[in-house]
1. Quick one: putting +1 on the C-beta of Lys and Arg, -1 on the C-beta of Asp and Glu, what dipole do you get for the chain around its Cα centre, in Debye to the nearest 20?
2. Could you work out the Rg to Rh ratio of the stretch 215-257, with Rh taken as the Kirkwood radius (inverse of the mean 1/r over all Cα pairs)?
3. Using only protein heavy atoms and a 1.4 Å probe, report how much of Tyr238 is accessible, in Å² to the nearest 10.
4. Using a Gaussian network for the chain with springs between C-alpha atoms less than 10 Å apart, which of these wobbles most: Thr215, Thr26, Thr224?
5. Go ahead and set up a Gaussian network model of the chain, Cα springs under 10 Å, then flag whichever of Asn98, Asn58, Asn67 fluctuates most.
6. With every protein chain kept in place and ligands, DNA and RNA left out, what is the accessible area per residue of the stretch 158-216? Probe 1.4 Å, answer in Å².
7. Report the normalised scattering of the stretch 68-226 as log10 I(q)/I(0) at q = 0.10, 0.12, 0.13 Å⁻¹, calculated by the Debye formula with identical scatterers on the alpha carbons.
8. Let me check something: with ligands and nucleic acids excluded, how do Lys135, Lys40 order by accessible area (1.4 Å probe), largest to smallest?
Amino acid sequence: MKSSLSRQNRSALLMRATVWFSAAVTMAALLFIILYILIKGIPHLTPELFAWTYTSDNVSLTPALINTLSMTALSLLFAVPAGIGAAVYLSEYARRGNRLVSVVRITAETLSGIPSIVYGLFGSLFFVRALGLGKSLVSGALTLSIMILPLIMRTTEEALLSVPDSYREGSFGLGAGRLRTVFRIVLPSAVPGILAGVILGIGRIVGESAALIFTAGTVAEVATSLGDSARTLSVHMYALSCEGLHIDQTYATAVVLLVLVIAINALSDLIAGKLGGGNKNG
């Protein structure tokens, strides 16, 4: 009896040590990457780097920063409504055990694992050439929206499924229809989970370069229309590193990209907290 208890205690201690060690390694790697980027990049954040017009001398990142924000907003405009709508159908309207639902879920999970370069080649063949959109902001946004659509759809579906059925039953008991229940009860309760998927999608958009090189192009100017070629921050970093003449500015651009991602995540968490608090109070 004592030997079995001591064996269980040793196993629990070993598992606890493994968990703490894995967490420590992960945090150490994350801190190392962040500190390395900050140390290498902050000293090279000069005013010329934020000039409005890009030249080969100042290699300004401002046009790429503006294009990144435009690309993110446009991609989310395409992907979020479609992803949430598909998730609502799969979780609220489709019959449980429906074969179509299983096929859609497997397809979404498969699409999530496809390399971004494949999406870039598809966007180049379909949006750029077949539809005649050219290398443009809209071609890049459509490609990215397809790339993040499975992610948003699956995370939204999981968030909707996590809402207790008692919420739905209570709404139906008060006389509300299914559509009203979904939009007034289920979706507001699932907002934090939905925003988590949107945040992941934003992170993938901001950090994407392979797909955008084939679809959005590398013109270092602010895109003034949907048909203009647009270089994002990640593509800007790739172009500078390939040239090999402005490595210091590449690290500085990485700092700006890191700050942008952190700011977007913080803003999304703040919105999720406010909406979640509002739902609890209601």
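The values are calculated or read from the model by the stated rules, or taken from the named source; none is laboratory data. This is a predicted model, so every value here is computed, not measured. Every residue, glycine among them, receives a Cβ derived from its backbone with ideal geometry; neighbour counts consider all protein chains shown. Areas reflect the complete protein model, heavy atoms only, side chains present, ligands, DNA and RNA absent. Shrake-Rupley method; radii C 1.70, N 1.55, O 1.52, S 1.80 Å.
1. Approximately 1400 debye in magnitude.
2. So for the stretch 215-257, dividing Rg by the Kirkwood Rh gives 1.02.
3. Surface accessible to solvent at Tyr238 totals approximately 120 Å².
4. Thr26
5. Asn98
6. Per-residue value: 47 Å².
7. -0.42, -0.58, -0.66
8. Lys135, Lys40
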